[in-house]
Amino acid sequence: MKKRWAFLSVSREGARLAGRCAKAMAGEVQISVYTLKKYAEGAAQPYPGDGKLGSFWAQAMMDFDVLVCVMAAGIVVRGIAPYIQHKSKDPAVLVLDAGGRYVISLLSGHLGGANAAARTLSARIGAEPVITTGTDVAGLLAVDTLAQKLNCTFTDFEAAKNVTALILDQKPVEIVNEAGVDLSAVSLPDTVAVTARMTASSQGQIVISESDRLTLQSGHQVQLIPRDVVLGIGCKKNTPAERITAKVKGLLKAYHLHPKALAVFATIGLKAHEQGLIKSAEAFGAAVKIVEDDAIKSVQDRFEGSDFVEKITGLRGVSEPAGYVASGQGNCIAPVVKGDGVTLSLWRMAHNQK
């Protein structure tokens with residue numbers, strides 16, 4: 001899904017630059033352009049409601065992934081301040097001067113992607129990106145940046161901050177690659193070593209693992225959880241979200257998989273609007289992927305089928321073929337489990353799907 005970018009301005013000159021920036025990103029992101037009513041023309045629309053920027057900040061912070069603000073940085077800081085929550089939730093916020101000379105990464109440089117967005121936009125409009133995050137300035141690697149590069153997530157933000165501080169101080173840190181993820185595209189500082197298991201030679205560890213059973217020392221050990229597990233799912237009509245969620249949690253626990261490793265709920269078109277399934281996916285922060293019937297039929301003979309399921313859906317199976325296709329024909333972690341009107345299977349994404 002394309003990221004949602006909003007381009008905001010408060011002057012005629014700013015509105016023109018915002019429009020130019022929007023055109024530069026057209027086709028790659030979802031674009032909305034807002035300005036004051038007296039400057040609204042072309043793709044630019046007036047701010048919703050009373051037409052004032054001040055009344056729009058709360059909605060903007062909630063509805064968009066990236067805010068591109070062509071105005072003084074002070075206006076932006078005062079505007080967004082009441083709505084800043086946490087680096088895991090806040091959108092990327094960029095600030096441009098009206099002359100288009102600088103693109104400043106103001107908020108959510110790493111997790112929100114503001115640093116990357118500033119670099120991309122700057123290149124498109126011939127501006128200079130301004131990045132102030134410590135690891136970027138020093139040419140080093142932050143834990144949250146590493147997580148993004150490897151399609152991982154983490155839950156202990158304090159530990160991530162502490163380990164990043166060790167890297168910035170050029171202290172010895174280990175990446176313990178228990179999950180065997182591909183690190184070949186990541187440039188690591190000389191003080192960061194990669195091992196298969198923990199040793200006592202470093203001051204901090206980044207443990208890459210899907211396991212829900214890791215015992216980490218608080219403060220200087222952080223777990224990165226690869227988001228590479230696909231759940232194939234079928235369910236009876238109107239199955240409650242609570243029941244589906246409980247079943248999924250039970251299956252993950254049985255295979256000692258961290259819930260954050262679950263990235264996708266894969267199912268068929270007939271279940272595209274099944275609210276229990278949709279709400280359960282939201283509870284895990286997972287996307288819902290609808291697998292086309294033709295794709296299911298092309299692989300369903302690999303799995304045990306059901307005459308009853310075929311009568312209802314026109315397909316011999318749902319959970320296993322949907323999970324297999326959505327994972328890019330990945331490896332099966334857990335074959336189909338049935339019960340209480342829910343069928344589940346677990347798959348690890350093939351390398352080209354990550």
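Tabulated results
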| read-out | value |
| --- | --- |
| Packing-based ranking, highest mean first, of 333-343, 5-15 given that Cβ atoms within 10 Å are counted | 5-15, 333-343 |
| Angle in degrees between helix 114-125 and the longest Cα principal axis of the chain, rounded to the nearest 10 | 60 |
| Computed E for A350/A272 - FRET, C-beta separation, R0 25 angstrom, nearest 0.05 | 0.60 |
| Hull volume in cubic angstrom per residue (convex hull over the Cα atoms of the stretch 4-132) | 90 |
| Zone residues, the stretch 15-37, relative to A43, backbone N less than 14 Å from point 7 Å out along Cα-to-Cβ | 15-35 |
| Alpha-carbon Rg with Dmax, taken over the stretch 82-239, Å | 18.1, 58 |
| DSSP bridge pairs, the chain: antiparallel proportion in percent, nearest 5 | 30 |
| D_trans [Stokes-Einstein, Kirkwood Rh over alpha-carbon pairs] for the stretch 21-97, 10 °C, 1.306 mPa s, µm² s⁻¹ | 120 |
| Length-normalised contact order of the stretch 141-195 in % [C-alpha pairs under 8 Å, at least 6 apart] | 39 |
| For G112, residues with placed amide H under 5 Å, excluding near neighbours | none |
| Among [x] 173; [y] 161; [z] 341, the entry that matches volume of the Cα convex hull per residue in Å³ as calculated here | [y] |
| Expected 222 nm ellipticity per residue - DSSP helices of 4 or more, -39500 (n - 2.57), all of the chain, to 500 | -9000 deg cm²/dmol |
| Share of Cα-Cα pairs in the stretch 75-122 lying beyond 16 Å, as whole percent | 38 |
| Percent antiparallel among DSSP beta bridges (both partners in the stretch 229-353, rounded to 5) | 60 |
| Sites E158 and N331, calculated FRET efficiency, Cβ-Cβ separation with R0 30 Å, nearest 0.05 | 0.35 |
| The chain - percent relative contact order, Cα under 8 Å, separation 6 or more | 10 |
| Nearest-ten-degree value, helix 241-254 long axis tilted from longest Cα axis of the chain | 70 |
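Every number here is computed from the coordinates shown, using simple stated rules; none is lab data. In this text the structure is predicted, and so the values were computed from the model without any measurement. Backbone-built Cβ (ideal geometry, glycine too); neighbour counts: all protein chains shown.
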